[in-house]
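Below is one structure; the comments refer to it alone.
The values are calculated or read from the model by the stated rules, or taken from the named source; none is laboratory data. Fair warning: this is a prediction, and the values are worked out from it, not measured in the lab. Cβ placement follows ideal geometry from the backbone for every residue including glycine, while neighbour counts extend to all protein chains displayed. Please note that ligands, DNA and RNA were not included when accessible areas were found on the heavy atoms of the full protein model with its side chains. Shrake-Rupley method; radii C 1.70, N 1.55, O 1.52, S 1.80 Å.
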Amino acid sequence: MNHINNIWHRGGKHRVISTVYENEWFKIRKRDNYYSLEYGFPQVVILPLVENSILMVKVKRPLIDDEPWELPAGGCCSGETPDETARRELKEETGIWIECLNRFKALKPISETPGRSPELLLSFLVRITPEEFEDRGNQEDEITEVKLMSYLEIRQAIISGK
């Protein structure tokens, strides 16, 4: 593949940007001596809060042969707005459907992989009631567990390497 897409000019430097691989979900691009992963559509991450806990999902990740705890996240489908994506991904990964899109509050975008992707994840906060958490439906098969975790539990898991 390896075709040149464009030349980037910044600060008097000229950088050749070429696509070395692409499929319907992402591209691998080369910018001088650096490679980056770039999605073809916006990505979102959701911070779901239930009172003083964060709703986390344990996800099957065959690539790393592990099931890490993560925040619900995913990519926009064609014609879908980022807040609609957040609502859909929350439902798919936790079984919780939030009808009112106004409950999804946009936060500042964050970087998933600084230095490896020029893209930012669009992030949303949503407050979920304990009743909505208890009444949730089923989640996708890739999600093996849905759990409320306190800030302290998350901090301890990060420090311990879990």
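Each Lys and Arg Cβ is given +1 and each Asp and Glu Cβ -1; about its Cα centre, region 1-144 then shows a dipole of about 1120 debye. Think of it as helices only: each DSSP H run of n ≥ 4 in the chain is worth -39500 (n - 2.57), and spread over all residues that comes to -5000 deg cm²/dmol at 222 nm.
Could you work out what % of the accessible surface of region 36-117 is carbon and sulfur, using a 1.4 angstrom probe and leaving DNA, RNA and ligands out of the count? Here carbon and sulfur together make up 55 percent of the probe-accessible area. The angle between the Cα long axis of helix 151-160 and the longest principal axis of the Cα atoms of the chain comes to about 50 degrees, rounded to the nearest 10. Treating r as the C-beta distance of residue 65 and residue 145 and R0 as 22 Å, the FRET efficiency rounds to 0.80.
With charges set only on the Cβ (+1 for Lys and Arg, -1 for Asp and Glu), what does the dipole of region 87-162 come to about its Cα centre, in debye to the nearest 20? Spell out each step's value before the answer.
Details: 12 positive and 15 negative charges, 105 e Å.
Here the size comes out at about 500 debye.
Counting every pair of alpha carbons in the chain, the share spaced more than 21 Å apart comes to 55 percent. Multiplying the residue separation of residue 108 and residue 23 by 0.36 nm and removing their Cα-Cα distance gives an extension gain of 27.8 nm. Pairs exceeding a 27 Å alpha-carbon distance, out of 30/60; 91/162; 58/108: 30/60.
The gain in end-to-end length when the residue 80 to residue 47 segment is fully stretched comes to 9.9 nm, 0.36 nm per residue minus the alpha carbon separation.
Rolling a 1.4 angstrom probe over the protein heavy atoms with all chains in place gives region 24-162 an accessible area of 62 Å² per residue.
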